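Notes to accompany the following structure.
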Amino acid sequence: MSCLSSESTYVSPVVKWLVFFFNFIFWMAGAGMVGIGIWAFVEKNKFYHQEIQSIYDVMFDLSVVFLVLGVVIFILGFSGCIGALRENTYLLKFFYIVMILIFVAEITLGVIAFVFRDKAKQTITDTFQENFIPRYEDDPDAKSFIDWIQENIHCCGVTSNGYKDWNQNMYFNCTTTNLSKLSCATPYSCCRKQDTIRNGVPNILCGAGALKEEAPNRSTQIYTIGCIDAMLNMAEQNLPIVGGVVIAFTIPQLIGICLARMLEGQILDQVARWERRHPLLAVQ
């Protein structure tokens, strides 16, 4: 039912322009993410190039992640934006059907992760342990990502072994055959107090000796809890905030789906009324 009189149109301008502006923002955001992804990929490959050996090499390449997400958001934003502007039911249908599929996939993954939470935790832990710890010093993306996590979550390593995970890195492992200057140390992002050589340059040896069995001041020198456990503890302690974030993420999706479906219905009603008034032209 339109909010305008039946003598004008069934298509509500309020719904139409809400759908337009809602998707225009996402369209521009998608374009920006594509641009950032391309720029980051080009800049990264100027200094470092890694052969793709598994799907994880793509999943954990932040430039590729930005590029893929940007393309998806760009296409969805474009279809919803132009669909509303031109009152094109095919583009609107494409938009809300894909949004429904994405929403259902999110709910499904959430339910699976909750029901099989122990298995999900172990899978995530193994994936991060195998794909971040070993290549920390060799992959700038992995290094930046895990440093950010360890610094902000106040953790060290991935699994419940915590800081001991760094024994799996060829530069940090505490063995007699490791001649690296980083031997028996942890990354500087594990340190409780990060000494700086000068502004913006951390002391990468602030975690020196922390992996040694007899390290006397380990607990005051570095964080010892693994990042997966630290993140789960943080989530449990901040359940209202986590719930708020989930709601803030899902509500716009539902609103976008409902508005697009409503606009499509109004357009179809308007087309049907026009065909009733002009049957000969509709047949032609």
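A straight chain from Phe249 to Ile100 at 0.36 nm per residue would run longer than the Cα-Cα distance by 52.2 nm. For Gly209, the residues 5 or more places off, or on other chains, whose built amide H falls under 5 Å of its own are Ala185, Thr186.
Across region 126-284, C-alpha contacts under 8 Å between residues 6 or more apart give a mean separation that, scaled by the residue count, equals a relative contact order of 20 percent. Couplings for region 233-238, taken from phi via the Karplus curve 6.51 cos²θ - 1.76 cosθ + 1.60 with θ = phi - 60°, read 4, 5, 5, 5, 7, 10 Hz in order; Gly and Pro are left as x. Taking a ≥ b ≥ c as the square roots of the eigenvalues of the Cα gyration tensor, region 64-117 is classed as oblate, since a/c reaches at least 1.5 and a/b does not exceed b/c. For a modelled paramagnetic label at Val242, 7 Å from Cα along Cα-to-Cβ, the residues of region 98-118 in reach, with backbone nitrogen under 18 Å, are 106-118. In the chain, the ratio of gyration radius to Kirkwood radius, Rg to Rh, stands at 1.14 when only Cα atoms are counted. Here the contact order of the chain, divided by its residue count and restricted to Cα pairs under 8 Å and six or more residues apart, works out to 20 percent. Distant-in-sequence amide contacts of Ile222, defined by a placed amide H-H separation under 5 Å and a gap of 5 or more residues or a different chain, comprise Arg192. Note on region 148-222: Cα-Cα pairs beyond 19 Å make up 29% of the total pair count. Ranked by the mean number of other Cβ atoms within 10 Å of their residues, highest first, the peptides 116-126, 69-79 fall in the order 69-79, 116-126.
For region 85-156, the fraction of 1.4 Å probe accessible surface lying on carbon and sulfur atoms is 66 percent.
Taking θ as phi - 60° and the Karplus parameters 6.51, -1.76 and 1.60, the scalar couplings of region 203-219 work out to 7, 5, 9, 5, x, 4, x, 5, 8, 5, 4, 9, 4, x, 10, 4, 5 Hz in sequence order, x denoting glycine and proline.
When you restrict to C-alpha pairs under 8 Å that are six or more residues apart and normalise by the size of region 64-190, the relative contact order lands at 14 percent. In this structure region 22-169 gives 58 Å² per residue of accessible area when probed at 1.4 Å with all protein chains present. Subtracting the Cα-Cα distance of Lys143 and Trp274 from their residue separation scaled by 0.36 nm leaves 41.0 nm.
The values are calculated or read from the model by the stated rules, or taken from the named source; none is laboratory data. Just so it is clear, the model here is predicted, and its values are computed rather than measured. All Cβ positions, even for glycine, are placed from backbone atoms using ideal geometry, and neighbour counts span all protein chains on display. The area values use the complete protein model at the heavy-atom level, side chains included, leaving out ligands, DNA and RNA. Shrake-Rupley method; radii C 1.70, N 1.55, O 1.52, S 1.80 Å.
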